[in-house]
Amino acid sequence: MGPVRAVAVALALAALLPPSAAEPARLPPPHVAVRPHHALPAGRAALPQPPDTAGCLRLFGIRCYRPAQVQRAYDVQPLHAAGLDGRGRTIVIVVAFGSPTIEHDLGQFDRTFGLPDPPFLRVIAPAGPPPSFDGDDPDMEGWAEETTLDVEASHLMAPGAGILVVTTPVSETEGLQGFPEIVQAERFVLDHDLGDVISQSFGATEETFPTSRSLLGLRGAFELARRRGVTVLAASGDDGATAPLLDGSCCYPRPVVSWPASDPLVTSVGGTQLHLDALGRRTRPDTVWNDSDVALGADPIDAATAGAGGGGTSSVFPRPSFQAGVARAVGAARGTPDVSLSAAIDGSLVVYWSFSGGRATGGYHLIGGTSEATPLLAGLVAIADQLRGGRVGWINPALYGMAVSGAEAGIVDVRSGDNGDLFVDGRGRTVAVPGAVAGPGYDLASGLGTVDAPRFCAALAGVRLTG
């Protein structure tokens with residue numbers, strides 16, 4: 001399904017539009033899950049200035065958050081003040097195609113929001129150079145937006161970490177397409193010891209692979225990462241308890257999950273909704289991300305409901321040993337997600353990109369999805385690596401051990417919401433796929449819960465913070 005719904009909300013030029021013109025149209029769910037998956041309440045125009053929460057509520061009836069609000073929500077600001085910002089570590093962002101303007105865009109993002117530039121931002125293409133950027137190609141445009149989100153979200157969490165963008169020349173969609181190139185690129189990174197944590201904001205429904213064996217044959221990079229002590233993360237998906245079919249249309253009429261998030265060697269990152277005030281203080285506890293009842297799309301090409309955090313049980317992988325303690329929730333299969341962070345469209349992250357084309361417009365935009373949650377966690381892993389003075393590696397066993405200590409180890413339970421999904425299939429029928437309901441402890445809607453950065457990073461690193 002390409003980028004795991006980097007759900008973008010491209011804002012109108014608010015200063016030039018009367019409030020009535022900026023109100024989003026209420027559209028029904030789409031018949032087809034267009035790649036990339038966007039929710040566009042005002043077409044593809046962009047704001048020349050970054051919006052604030054009050055402005056987003058006034059114009060679109062949804063909240064948006066600037067980087068400082070997200071930093072405060074996860075309590076990373078005290079870490080940064082103490083010099084714990086991921087310095088000495090490298091975050092690896094794996095994407096198809098990449099963005100032609102990512103260096104410039106991160107610089108503008110940093111200047112706008114008062115963030116320091118990273119020690120370096122490098123782009124490599126070990127599986128072959130991507131084709132020249134074509135803004136009229138919606139697939140390339142979507143991956144450019146994905147690249148922007150991954151880089152800027154990871155950077156706001158770990159502004160001292162280096163960033164390595166690893167591009168591939170073939171778009172990942174569903175089934176096998178794109179994955180051989182991804183495996184080749186990731187093995188290059190691992191063979192040359194180029195990074196400490198790999199962030200993957202993409203996935204394909206397990207059932208879209210020709211056979212389970214064909215999926216299992218792609219795990220070589222993850223097995224190598226485990227041996228090299230490199231942490232691997234993947235977004236759990238943006239269609240709640242279901243996911244797209246092989247042709248990209250939405251969706252399976254029953255619970256399914258996507259790979260690589262379902263792989264036990266990968267940490268599966270689900271989605272929550274933050275409820276923050278203008279300063280980033282919580283007004284209520286986090287809930288499971290589920291915007292599926294809110295149609296945010298006004299663009300007839302990209303009309304889409306906003307989605308919900310992926311989660312469920314694998315049809316390929318049996319329950320791993322680290323999930324033995326949550327067998328009541330996962331049964332005999334690998335359950336996803338493991339943890340969850342901000343992903344809601346009603347609570348979007350403000351980002352910046354400058355590339356343009358047929359439908360793309362440079363400026364400030366809103367974006368969400370588990371494509372946001374995954375790089376946010378990658379930034380926290382980089383900080384944990386810094387604290388440890390070395391890589392924390394494959395973190396899944398540690399996460400489930402930390403959950404026993406709960407808040408003391410920075411694991412914050414999410415007890416409200418569900419990831420059920422409602423969509424209209426190709427025949428115009430409304431299909432409801434029941435999801436998991438959040439409650440005390442592990443659940444298939446939010447995993448172990450969300451995180452509080454200082455305690456989480458310290459527990460993951462196996463150190464005790466003082467002061």
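The values are calculated or read from the model by the stated rules, or taken from the named source; none is laboratory data. Quantities reported herein were computed from a predicted structural model and do not represent experimental measurements. Cβ: placed from backbone, ideal geometry, glycine included. Neighbour counts: every protein chain shown.
Structural remarks
- Looking only at the range 210-269, and only at residues there that are more than 17 Å from the chain's Cα centre (by Cα) and of a type in the set (S, T, N, Q), the one that is farthest from GLY195 (Cα to Cα): SER249
- Residue that is surrounded by the most Cβ atoms within 10 Å (Cβ to Cβ), among those in the range 262-272 that are of a type outside the set (Ser, Thr, Tyr) and within 14 Å of GLY369 (Cα to Cα): GLY271
- From the list VAL316, VAL350, the one residue that fits, being in a strand (DSSP E or B), modelled with pLDDT of 90 or more and farther than 30 Å from SER214 by Cα, is VAL350.
- Search result, residues across the range 243-258 that are modelled with pLDDT of 95 or more and either more than 15 Å from SER315 (Cα to Cα) or buried (at least 24 other Cβ atoms within 10 Å of the Cβ) (or both): VAL256, VAL257, SER258
- Within the range 48-145, helices (runs of 4 or more DSSP H) holding 3 or more residues that are touching a helix residue (DSSP H, G or I) at 6+ places or on another chain (Cβ under 6 Å) and among the β-branched types (Val, Ile, Thr): none
- Every residue from the range 252-290 that is under 19 Å from ALA225 (Cβ atoms), in a strand (DSSP E or B) and of a type outside the set (A, V, I, L, M, F, W, C): SER258, THR267, SER268
- When the range 46-84 is limited to residues that are surrounded by fewer than 17 Cβ atoms within 10 Å (Cβ to Cβ) and hydrophobic (A, V, I, L, M, F, W, C), the one that is modelled with the lowest pLDDT turns out to be LEU57.
- Of the residues making up the range 451-466, those that are of a type in the set (A, V, I, L, M, F, W, C) and in a loop (DSSP other than H, G, I, E, B) number 2.
- Test: ARG87 is under 14 Å from GLU152 (Cα atoms), modelled with pLDDT of 95 or more and surrounded by fewer than 19 Cβ atoms within 10 Å (Cβ to Cβ): no
- Test: GLY297 is surrounded by 24 or more Cβ atoms within 10 Å (Cβ to Cβ), at pLDDT below 95 and more than 17 Å from the chain's Cα centre (by Cα): yes
- In the range 101-124, the residue that is surrounded by the most Cβ atoms within 10 Å (Cβ to Cβ) out of those that are touching a Gly at 6+ places or on another chain (Cβ under 9 Å) and more than 15 Å from ILE198 (Cα to Cα) is PRO118.
- Residue check for ALA432: within 28 Å of ASP247 (Cα to Cα), outside any loop (DSSP other than H, G, I, E, B) and touching a strand residue (DSSP E or B) at 6+ places or on another chain (Cβ under 6 Å): yes
- In the range 177-193, the residues that are β-branched (Val, Ile, Thr) and not in a helix (DSSP H, G or I): none
- Exactly one residue out of VAL414, VAL437 is closer than 20 Å to VAL269 by Cβ, hydrophobic (A, V, I, L, M, F, W, C), free of Cβ contacts under 8 Å to residues at least 60 places away in the same chain and surrounded by 15 or more Cβ atoms within 10 Å (Cβ to Cβ): that is VAL437.
- Looking across THR205, THR167, THR211, one residue alone is within 21 Å of THR101 (Cβ to Cβ) and either touching a Pro at 6+ places or on another chain (Cβ under 9 Å) or not hydrophobic (A, V, I, L, M, F, W, C) (or both). It is THR167.
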